[in-house]
Amino acid sequence: MSPDVLFWVLAVVATFLVGASKGGVPGIGILAVPVLSQVISPVVAAGLLLPLYVLSDWYGLWLYRKNYDLWNIKIISLAATIGIGIGWATAHYNSDELVKLMVGLIGIWYTIDLIFKNRRTNKPKPADVPRGLFWGIITGFVSFVAHAGGTPFQMYVLPQRLEKMVYAGTATITFTIINALKLPPYFFLGQINLQSLEKCLYLAPVALFGAWAGFRLTKIIPERIFFRAVEIALFIISVKLIWDAIAGWMS
């Protein structure tokens with residue numbers, strides 16, 4: 001298979017994963033950049049996929065227009081704006097490996113704690129400003145640096161035990177705002193350019209189809225299985241982030 005053909009095959013796969021994640025399927029969106037990084041630089045892959053994230057976000061926004069928790073969205077979006085600003089201001093000093101390691105360890109700690117303490121049998125934790133600001137800032141920062149904002153978002157929202165579609169809608173709408181806020185910094189840093197936007201035009205239908213397919217799948221998955229899938233995905237993604245950090249330091 002020629003390099004050009006391989007690029008487009010992996011680009012289609014990565015784009016579908018982006019769309020499906022915005023449709024509500026838990027955890028798979030974070031695989032998009034690693035998939036595309038098999039043929040291009042991770043930095044270039046992140047810049048290429050961000051507009052597709054944004055496109056899928058807006059379609060997801062329409063799909064989940066009736067399913068969301070507004071208070072969570074307000075808290076996390078405000079805090080994430082601060083986190084994005086920190087990520088932009090420190091863009092030339094950030095270590096992707098350190099951020100991935102930090103996020104991965106947080107996710108591992110949460111899922112192990114979840115297993116041993118059986119949190120889901122306890123009373124839900126309501127949304128509160130102090131925790132929301134803390135996890136929201138981390139969400140914005142690591143989303144900007146490593147497209148890994150889903151992990152700290154889950155750390156804050158999962159203990160609230162929201163209804164399945166409300167959880168998916170809250171995540172989709174929150175990251176619609178976060179990804180839109182990331183666009184200007186990515187332009188100024190040169191990670192998005194006319195060449196990458198041209199490729200996005202060809203991949204846009206795949207992103208929209210992925211969002212539709214992800215939404216349909218989310219609707220039919222039983223709620224208990226859905227949240228178990230979120231927790232398993234959080235654990236697997238956390239392990240992968242730690243592995244990527246170690247591999248980056250060793251390379």
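Scanning region 108-136 for residues that are modelled with pLDDT under 80 and loosely packed, with under 10 Cβ neighbours inside 10 Å returns Phe116, Asn118, Thr121, Lys123.
If the condition is being surrounded by fewer than 14 Cβ atoms within 10 Å (Cβ to Cβ) and not acidic (Asp, Glu), then region 190-215 contributes Gly190, Asn193, Leu194, Gln195, Leu197, Leu201, Tyr202, Pro205. If you go through region 24-62 and keep only what is outside any helix (DSSP H, G or I), modelled with pLDDT of 75 or more and surrounded by 20 or more Cβ atoms within 10 Å (Cβ to Cβ), you end up with Gly24, Val25. Of all residues assigned to region 35-49, none qualifies as being over 20 Å from Asp244 (Cβ atoms) and either among the polar types (S, T, N, Q) or out of contact with any Pro (no Cβ under 8 Å at 6 or more places or on another chain) (or both).
Okay, residues lined up against (1) within 15 Å of Asn179 (Cβ to Cβ); (2) touching a helix residue (DSSP H, G or I) at 6+ places or on another chain (Cβ under 6 Å):
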{"position": "Pro3", "(1), (2)": "no, no"}
{"position": "Phe7", "(1), (2)": "no, no"}
{"position": "Val13", "(1), (2)": "no, yes"}
{"position": "Phe16", "(1), (2)": "no, yes"}
{"position": "Gly19", "(1), (2)": "yes, yes"}
{"position": "Leu31", "(1), (2)": "no, yes"}
{"position": "Leu36", "(1), (2)": "no, yes"}
{"position": "Ile40", "(1), (2)": "no, no"}
{"position": "Gly47", "(1), (2)": "yes, yes"}
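Each residue in region 125-142 was checked for being in contact with a Lys or Arg (Cβ under 9 Å, 6 or more places away or on another chain) and closer than 20 Å to Trp88 by Cβ, and 2 pass. Being free of Cβ contacts under 8 Å to residues at least 60 places away in the same chain and touching a Ser or Thr at 6+ places or on another chain (Cβ under 9 Å) is the requirement here; does Val142 meet it? So Val142 passes the test.
Would you pick out the residues in region 64-78 that are assigned to a helix (DSSP H, G or I) and either surrounded by fewer than 23 Cβ atoms within 10 Å (Cβ to Cβ) or in contact with a strand residue (DSSP E or B) (Cβ under 7 Å, 6 or more places away or on another chain) (or both)?
Taking region 64-78 and keeping what is assigned to a helix (DSSP H, G or I), we get 70-78.
Listed by number, the residues that qualify are Leu70, Trp71, Ile73, Lys74, Ile75, Ser77, Leu78.
Among the residues of region 204-241 satisfying the criterion of being β-branched (Val, Ile, Thr) and within 16 Å of the chain's Cα centre (by Cα), which is nearest to Gly169 (Cα to Cα)?
Residues of region 204-241 that are β-branched (Val, Ile, Thr), as a first pass: 206, 218, 220-221, 225, 230, 232, 236-237, 239.
Then keep just the ones that are within 16 Å of the chain's Cα centre (by Cα); that gives 230, 232, 236-237, 239.
Details: Val230: 14, Ile232: 20, Ile236: 22, Ile237: 21, Val239: 26 Å.
Among those residues, the one meeting the criterion is Val230.
Restricting attention to region 232-244, does a residue exist that is exposed (fewer than 14 other Cβ atoms within 10 Å of the Cβ), under 19 Å from Gly19 (Cα atoms) and among the β-branched types (Val, Ile, Thr)? No, that holds for no residue. Being within 18 Å of Phe226 (Cβ to Cβ) and surrounded by fewer than 18 Cβ atoms within 10 Å (Cβ to Cβ): is that true of Val166 here? Judged against the criteria, Val166 is a match. Set side by side, the residues Leu203, Leu208 differ, and just one is in contact with a Gly (Cβ under 9 Å, 6 or more places away or on another chain), under 20 Å from Leu63 (Cβ atoms) and at pLDDT 90 or above, which is Leu208.
The values are calculated or read from the model by the stated rules, or taken from the named source; none is laboratory data. Quick caveat: nothing in here was measured; it's all calculated off a predicted structure. FYI the Cβ positions are ideal-geometry reconstructions off the backbone, even for glycines, and counts take in every protein chain you see.
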